[in-house]
Amino acid sequence: MPADFWIASGIAAASVGTCLWLLHRQRDLHDRLRETSLRLAEIRTQRHLALVEEQSKQQALLDSMVEGVLLLDEQGKVEHVNPALVRLFNLEKDIRGIPLADAIHSPELADLARRAAQQGRIVDQDLVHAGIKRLSLQVNAVALRDPDRLHAGTLIVFHDLTQHAILAEQRREFVANVSHELRTPLSLIKGYTETLLGGAKDDPDTATRFLRTIDKHADRLTFLIEDLLTVSRLESGQVIMNLQPTSLHEVGSQVLDDLKSKAAERGTILKNDVPLNLRVHGDGDRLQQVLSNLVDNAIKYGRPSGRVAVGARSLHEDIVEAWVADDGVGIPVEARERVFERFYRVDKGRSREQGGTGLGLSIVKHIVQAHGGEVRVESELGKGSCFYFTLPRVNEAA
């Protein structure tokens, strides 16, 4: 064959080989690109999943916090709130996307967020928010920065101090009430003592009258201190109830027998309407204290020659409702929710004259609650009052 043929054949074979190599090379590159794309897609998926997981953890953390958390975006609009904040402010609608000043109407809060964004540091302030309920809050705000140190939003955390404020106010009221209750008998005792020392002791009748007054107010101080200690022990849980099957009829009979002389002085008729076979799971001594306080009050504040009745009934197989009823002047509507507060008196002057400490009904409430029960009062002006309390019943069938 001619030489040109072989040269052409060689060139053709070389071209085919080059084409095949280029095709193989292209396929190899395509496979590598596809593999790289798949690997990048897998990495992106993993990063996305990691980001979602991290966001879920952050969301769970925020949602589990007892403090209210509010996140503002760089424009000052609400970006996120946690459930604690919704409960705290009783938010009925979604406030996301709303400017803070419109979402929560508080100029002090808006000013706090503005200062945090400007100063770039944690800013805190105590706020009182008067919404549906009055809130005492400690609020901390901090500006958030992006990697370029630009403002990216504001994080605000709300600590609810409302209960602490209420307790602090109650402590102040308690100290003021105790001081007042102690000051009155002490002043009288001191005054009569100074009068006796100044010469009144030379008159036997005057000295006897003064000494009786001193003895009366010394007893009042003793009763007050004993009741204070009882309330303190009950509120702190130091009193351990000796719970056992107890006949409420027998407890009522004992109380009425102890107070029959006081009832006779006012011409009050006492009646025990508690069923004989009704037994409760309770501490007999403490239940006697409950009924004694209630019956004593009914005698003191009921009408002369009136009636006071102790009664009880089974609400169902596990609960007994007991009561002490009188036919006195009754309790005003505005006082019925407060009669169980420490030192609260419907008629302050008359209560002190009767020798009350203002703690009897508070003791009743705490003893009943220690039994797992509840206490309440129903009253109608001019027709009397009825104090109810519940106790766990002894199930005889069981």
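The values are calculated or read from the model by the stated rules, or taken from the named source; none is laboratory data. Note that the structure is a prediction, hence the values are computed from the model and not measured. Glycine also receives a Cβ, built like all others from the backbone with ideal geometry; neighbour counts cover every protein chain displayed. Surface areas here come from the heavy atoms of the whole protein model, side chains and all, with no ligands, DNA or RNA. Shrake-Rupley method; radii C 1.70, N 1.55, O 1.52, S 1.80 Å.
Considering the range 322-377 alone, what residues qualify as being open to solvent by less than 20 Å² (accessible area, probe 1.4 Å), assigned to a helix (DSSP H, G or I), at pLDDT 75 or above and over 13 Å from VAL231 (Cα atoms)?
Scanning the range 322-377 gives a single hit, ALA335.
Residues of the range 230-253 being outside any helix (DSSP H, G or I) and either surrounded by 12 or more Cβ atoms within 10 Å (Cβ to Cβ) or touching an Asp or Glu at 6+ places or on another chain (Cβ under 6 Å) (or both), which ones?
The answer is VAL239, MET241, ASN242, LEU243, GLN244, PRO245, THR246, SER247.
Looking at (1) surrounded by 12 or more Cβ atoms within 10 Å (Cβ to Cβ); (2) within 22 Å of ALA152 (Cβ to Cβ); (3) not small (Gly, Ala, Ser), can you tell me which one ARG121 breaks?
It is condition (1) that ARG121 fails.
Considering only the range 298-306, I want to know if a residue exists there that is in a strand (DSSP E or B) and either farther than 18 Å from VAL377 by Cβ or at pLDDT 90 or above (or both).
No: zero hits.
Restrict the check to the range 148-168 and report whether at least one residue is among the hydroxyl-bearing types (Ser, Thr, Tyr) and open to solvent by 60 Å² or more (accessible area, probe 1.4 Å).
no
Could you identify the single residue in ASP285, ASP227 that is in a helix (DSSP H, G or I), of a type in the set (Asp, Glu), open to solvent by less than 50 Å² (accessible area, probe 1.4 Å) and in contact (Cβ under 8 Å) with a residue 40 or more places away in the chain?
One residue alone meets the criteria, ASP227.
Find the residue count for the range 63-86, including only residues that are open to solvent by 60 Å² or more (accessible area, probe 1.4 Å) and assigned to a strand (DSSP E or B).
2
From the residues in the range 297-321 that are more than 33 Å from the chain's Cα centre (by Cα) and charged (D, E, K, R), which one is least open to solvent (accessible area, probe 1.4 Å)?
For the range 297-321, the residue satisfying everything is LYS300.
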